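As structure tokens, the structure follows; a few thoughts come after it.
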Amino acid sequence: MRSLSFFAAVLAYSLTACVQPAEAPSTETAITAELDLSVAPADNAIAATYLVRPGMSPPDGADMSHDDVPRDPDGRPYTHKNLGLRLPDFAGETADGGAFTSAELEGKWTVIEIWGLWCHDSMNDAPYAAALSTALAQDPDVSFMSIHTPQKAARAEEAYASYGSVAAYFEDKDYSFPTVVDRDASIRETLSIRWTPTYLLVAPDRSVQAFRTGLSDADGEPVKDFVRQISHIRGTWATSD
């Protein structure tokens, strides 16, 4: 098993952005700062653009007017229904024609991105997600996968925008990572997804240990920061397990 210290260095990436160039993670930058992931960062508490852990509370004044999910002024959720709980079972066809069931998540750490070609924010996030998948591929104990989903079942035919399929999009952008295609938004509903893109960090026991919205919305170096946070969570979870 490779040590968590692998996360102390992240490769540099050449990224092709859909809308604007994404900032590539710096090369071989040592990670030494202590992390406090129990509270929202003070400098962006108003915007839900940070990593959320089980037990964290949304800030006072969160918008509750849309549904039962507390949201920031731009509509991003401050939390996720399954935080700290076991991820519900789901299954689907992959973009390359294979089959996937959530049982495959057992026994390993997995980052799941839920996104859609129809979604402007997902397209902004695409190069960040691709860089994250490449970074996590360096460690055999953390996997990356995505779920492509329509906004809702009634708009399923619009889900692929001008590309027609996820496979065509991946070929055009030269992206390659496991992707489940949610054709009717049923997986989206099963997983209680209320924002696209959403990222979930799933532990080996399939509990959801972290949630965040788009990386492109965050300040700093979002990919490197997320990798560092994953490292911290894994270490803390292993200690408490």
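If the cut-off is a Cα-Cα distance under 23 Å, which lysines reach Lys108, setting aside same-chain residues fewer than 8 apart in sequence?
Lys108 reaches Lys81, Lys224.
Within the range 71-180, which trypsin sites (Lys or Arg not before Pro) sit in a loop by DSSP and count at most 10 neighbouring Cβ atoms inside 10 Å?
Answer by residue number: there is no such site.
List the residues whose amide H sits under 5 Å from the amide H of Thr94, counting only those 5 or more places along or on another chain, with H placed 1.01 Å from N in the peptide plane.
Distant-sequence amide H within range of Thr94: Ala99, Phe100, Val181.
For the range 105-241, build the charge dipole from Cβ charges (+1 Lys, Arg; -1 Asp, Glu) around the Cα centre, then report which of Val166, Ser143, Leu105 sits farthest towards its positive end.
The listed residue farthest towards the positive side: Leu105.
Relative contact order for the range 64-136: what percent, with Cα pairs under 8 Å and sequence separation of 6 or more?
Contact order relative to length: 12 percent.
Can you compute 3J(HN,Hα) from phi for each residue in the range 120-126, using the Karplus curve 6.51 cos²θ - 1.76 cosθ + 1.60 with θ = phi - 60°, rounded to whole Hz and x for Gly and Pro?
4, 5, 5, 5, 5, 7, 3
Roughly how many nanometres apart are two label points built 7 Å out from the Cα toward the Cβ at Ala137 and His120?
Those two pseudo-labels are separated by 3.1 nm.
For the range 166-241, what does the relative contact order come out to in percent, with C-alpha contacts under 8 Å and a separation of six or more?
With pairs under 8 Å counted, the relative contact order is 16 percent.
Amide H to amide H, which residues 5 or more places from Lys108 or on other chains are under 5 Å from it, using H placed in the peptide plane?
Sorted by chain and number, the residues that satisfy this come to none at all.
Could you compute the FRET efficiency for Asp96 and Asp67, with r as their C-beta to C-beta distance and R0 at 35 Å, rounded to 0.05?
With a Förster radius of 35 Å, E is 0.55.
Could you list Thr190, Thr149 so that the one with the fewest beta carbons within 10 Å of its beta carbon is first and the one with the most is last?
Final ranking by Cβ density, sparse to dense: Thr190, Thr149.
Just so you know, all these numbers are worked out from the coordinates, no wet-lab data involved. Just so you know, these numbers come straight off a predicted model, no measurement behind them. When we count neighbours, we look across all protein chains shown, and the Cβ atoms used for this are built from the backbone with ideal geometry, even at glycine.
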